[in-house]
Amino acid sequence: LIRAAIESARTVDQLADASRLLLPSLVELHDSSIPALHVGALQSAIVDAILVRLLKLSHSIESPVTHSWLMLGSMARGEPLPISDVDTAIVWADQADMDDPSEEIQESAMQILDRMEQCGLQKCLQGANADNLLFTRSRSSWIEVSRGWLLDPTRAGALLLSSIVADSQPLTQLALGRTITDTIRATTRSREFLGALLNFTLVKRPPLGFVRDFVVEQSGEHRGGLDLKQGGLAPISSLARWMAIAQGDVRGGTIDRLTRAATTGLLEAEEADILISAFKDIYQLAFENEIEALRQGKEGSSWVSPQNLDALTRRHLRESFRAVASIQARFQLEWQSRLG
């Protein structure tokens, strides 16, 4: 029903009306006992359709050169939470016979992102947006900078930016949009880069304490809470991304990447099973938490208070965090021998 409404939209206002069906539908799908990761994949597909339709409806916004819009982050991996924002980037075709079109493309991107927010989709609050020149480059510039990141981790922003763009999915001009992932596959990743990237990746650790079960916020609006997204999902998805970059294959989402790592021997089968199970369980809990907030008309959040969880869920969450932390520690010691 939503896809039909999106495809039949002839104006941005009509598309915005269709987009408003998304969040209530996520609640209904959840209430129908569909697993959260399946609902998240559907959400990602619908957001993809909204953006593609929006770009078609925005053809009158001038752009001086052929370009590809990309979706980044959890949306690109197919595992967003209900209130996830939308990260975007642009790759444009090189044009030797014209002036640098970056300012014009940036201006058109700003207009389209404004329309995207009109459709109820929030752009990235941390700046990973197509109107940011860090994420809007020519094909040759993306190739140059991506290779530079993979060869020299000391470059400014190399670790953060290479992690962000590894999660990319082209929406338009697909061959052009695959420039970044093709470069990751074709470029030899130096041991220096992989070691630095792994240390950067393992900064994200489960919030476990030596005395208490969990490390929770001590002040502010989230006092007594822990962030299931940053403390639970990110340690697993970040490690899976590192493995994908190391192997030169960044396709798919977290579970796809962990499965490939087990197939190639980078992960032991038991480790992969533990990480996949933990990711599914934590994602389900985070998804339910946001759905419940939406149902009550509140602003969704991935923060949860352990005291509000039943004893079984709290114990299972603690065991998942411990298992993930153990695998992180073991992998940090053994990654070079595992890569061979």
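The values are calculated or read from the model by the stated rules, or taken from the named source; none is laboratory data. What you see is a predicted model; the values in this text were computed from it and never measured. Methodologically, a virtual Cβ is constructed for each residue, glycine included, from the backbone with ideal geometry; neighbour enumeration extends over all protein chains shown. Protein only, heavy atoms only, side chains kept; ligands, DNA and RNA dropped before computing areas. Shrake-Rupley method; radii C 1.70, N 1.55, O 1.52, S 1.80 Å.
See the values below:
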{"item": "Filter result (aliphatic (A, V, I, L, M), within 16 Å of the chain's Cα centre (by Cα) and more than 17 Å from residue 323 (Cα to Cα)) within the stretch 230-285", "result": "243, 244, 245, 250"}
{"item": "Qualifying residue in the stretch 161-179 (condition: of a type in the set (Lys, Arg) and surrounded by 17 or more Cβ atoms within 10 Å (Cβ to Cβ))", "result": "yes"}
{"item": "Among (1) within 23 Å of residue 67 (Cα to Cα); (2) surrounded by fewer than 20 Cβ atoms within 10 Å (Cβ to Cβ); (3) touching a residue at least 24 places away in the same chain (Cβ under 8 Å), the one test that residue 148 misses", "result": "(3)"}
{"item": "Residues (more than 25 Å from residue 146 (Cα to Cα) and in contact (Cβ under 8 Å) with a residue 24 or more places away in the chain) located in the stretch 85-120", "result": "111, 112, 115, 116, 118, 119, 120"}
{"item": "Qualifying helices (runs of 4 or more DSSP H) (wholly inside the stretch 106-195; at least 1 residues being charged (D, E, K, R))", "result": "139-151, 179-186"}
{"item": "Residue match in the stretch 89-102 (condition: within 21 Å of the chain's Cα centre (by Cα) and either open to solvent by 40 Å² or more (accessible area, probe 1.4 Å) or of a type outside the set (Val, Ile, Thr) (or both))", "result": "yes"}
{"item": "Some residue of the stretch 287-309 being farther than 30 Å from residue 192 by Cβ, under 23 Å from the mean Cα position of the chain (by Cα), open to solvent by 10 Å² or more (accessible area, probe 1.4 Å) and of a type in the set (Val, Ile, Thr)", "result": "yes"}
{"item": "Hey, residue 70 in contact with a Gly (Cβ under 6 Å, 6 or more places away or on another chain) and open to solvent by less than 10 Å² (accessible area, probe 1.4 Å) or not", "result": "yes"}
{"item": "Matching option when the condition is more than 30 Å from residue 96 (Cα to Cα) and open to solvent by less than 10 Å² (accessible area, probe 1.4 Å), among 76, 16", "result": "16"}
{"item": "Selection from the stretch 25-53 of residues that are open to solvent by 70 Å² or more (accessible area, probe 1.4 Å) and not acidic (Asp, Glu)", "result": "32, 33, 38, 42"}
{"item": "Residue count, the stretch 315-340 (criterion: within 16 Å of residue 215 (Cβ to Cβ) and surrounded by 15 or more Cβ atoms within 10 Å (Cβ to Cβ))", "result": "7"}
{"item": "Extreme residue, most open to solvent (accessible area, probe 1.4 Å), among residues of the stretch 253-281 that are among the hydroxyl-bearing types (Ser, Thr, Tyr) and farther than 22 Å from residue 35 by Cα", "result": "263"}
